[in-house]
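The values are calculated or read from the model by the stated rules, or taken from the named source; none is laboratory data. Please read all numbers here as calculations on a predicted model, not as lab measurements. Note: ideal-geometry Cβ built from the backbone for every residue, glycine included; neighbour counts use all protein chains shown.
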Amino acid sequence: MYRVDNAVIMAAGTASRFAPLSYERPKALIEVKGEVLIERQIRQLQEAGIRDIIIVVGYMKECFAYLEEKCGVTIVENTEYLTRNNNSTIFAVKDYLKNTYICSSDNYFSRNPFESEVDDAYYAAIYADGETKEWCMTEDKEGYIDSVTVGGRDAWFMLGHTFWTEEFTERFLRILERIYDEPRTADLLWESIYMEHLDQLKMKIRKYDSDVIFEFDTLDELREFDESYKADTRSAILKSIAAQLGCTEEEIVHVTSYKDGNNAAAGIHFEVGEKRYAYAYKTRQLSAKAPDTV
């Protein structure tokens, strides 16, 4: 058994798919069923006896400062969050990593998945019945992950936290430090780097029931889990749109983000009744869209 030394919660990204809520506050700081997402996760870690918790911030970093005093966590800044994928978050806290939980700040755990002692490195997983676009895993006869594919069917897929043993950490960091300055590395998820080195980075699948780990990529997905967001989105942008269109917030559905030519978040598409609209975040312009342009 490995005694857990600490936990890292990754909260640096912009969560552009969660627009427009993520334009107004970091996704980790939205309230779900009466509790702020990241505060709930911190509480669950602490209840499992894990007191050394590091939050890696970037986008709207100042919004997280209160957590140091309120929750007793350490804040570390990822200054590269706009130009690199989440491998830069791992790099920013490389000196903290030992026997460590690596967590995503936007996960909601209905039951506490954390423990003070863990038997091996693992990645949390949920089973998909039928087709899925998620990252699917298979395991060898000893239970170690031996393949990861993007998309599949009737398979266990990556969702939620992961635990790194000190041995796994040392091996991963050696690889990351060796390739970090290569141009192709900037766009890689740390999971992509892991996939390329399965023979060196041994990790098991930790299997959970489908009602334990949740992730909300869009407002519509959040509304399915927390119905209070149907009538009250907590978004000044959507409240303004509702006022302009003379509709309720609940009537604004199928909200998706879109990007500009520089691959930066630019606005949202959504529907009200049978009409489709676009809202440009920077200019605050609202326009109707023909069905084939969204």
I'd like to check something: does segment 46-55 contain any residue that is crowded, with 18+ Cβ neighbours inside 10 Å and either within 19 Å of Glu215 (Cβ to Cβ) or under 15 Å from the mean Cα position of the chain (by Cα) (or both)? yes
Those strands (runs of 3 or more DSSP E) completely within segment 26-139 that have 3 or more residues that are of a type outside the set (S, T, N, Q) are 53-57, 74-77, 100-104, 122-139
Anything in segment 173-203 that is assigned to a helix (DSSP H, G or I), in contact (Cβ under 8 Å) with a residue 60 or more places away in the chain and touching a helix residue (DSSP H, G or I) at 6+ places or on another chain (Cβ under 7 Å)? List them, or say none. Leu176, Thr185, Trp190, Ile193
Can you spot a residue in segment 207-228 that is outside the structural domain of Glu31 (by TED's automatic domain parsing) and farther than 26 Å from Ile9 by Cα? yes
Restricting segment 205-227 to residues that are more than 21 Å from Trp135 (Cβ to Cβ) and free of Cβ contacts under 8 Å to residues at least 40 places away in the same chain, the residue that is surrounded by the most Cβ atoms within 10 Å (Cβ to Cβ): Arg223
Which numbered condition in (1) crowded, with 22+ Cβ neighbours inside 10 Å; (2) more than 18 Å from the chain's Cα centre (by Cα); (3) closer than 25 Å to Val36 by Cα is the only one that Ala121 fails? (3)
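Would you check if Ala243 is over 25 Å from Gly34 (Cβ atoms), out of contact with any His (no Cβ under 6 Å at 6 or more places or on another chain) and among the aliphatic types (A, V, I, L, M)?
Spelling it out, Ala243 is indeed over 25 Å from Gly34 (Cβ atoms), out of contact with any His (no Cβ under 6 Å at 6 or more places or on another chain) and among the aliphatic types (A, V, I, L, M).
Let's see how each residue does on (1) modelled with pLDDT of 95 or more; (2) among the hydroxyl-bearing types (Ser, Thr, Tyr); (3) more than 27 Å from Asp217 (Cβ to Cβ):
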residue: Pro113; (1), (2), (3): yes, no, no
residue: Glu117; (1), (2), (3): yes, no, yes
residue: Ile126; (1), (2), (3): yes, no, no
residue: Cys136; (1), (2), (3): yes, no, no
residue: Leu159; (1), (2), (3): yes, no, no
residue: Tyr180; (1), (2), (3): yes, yes, yes
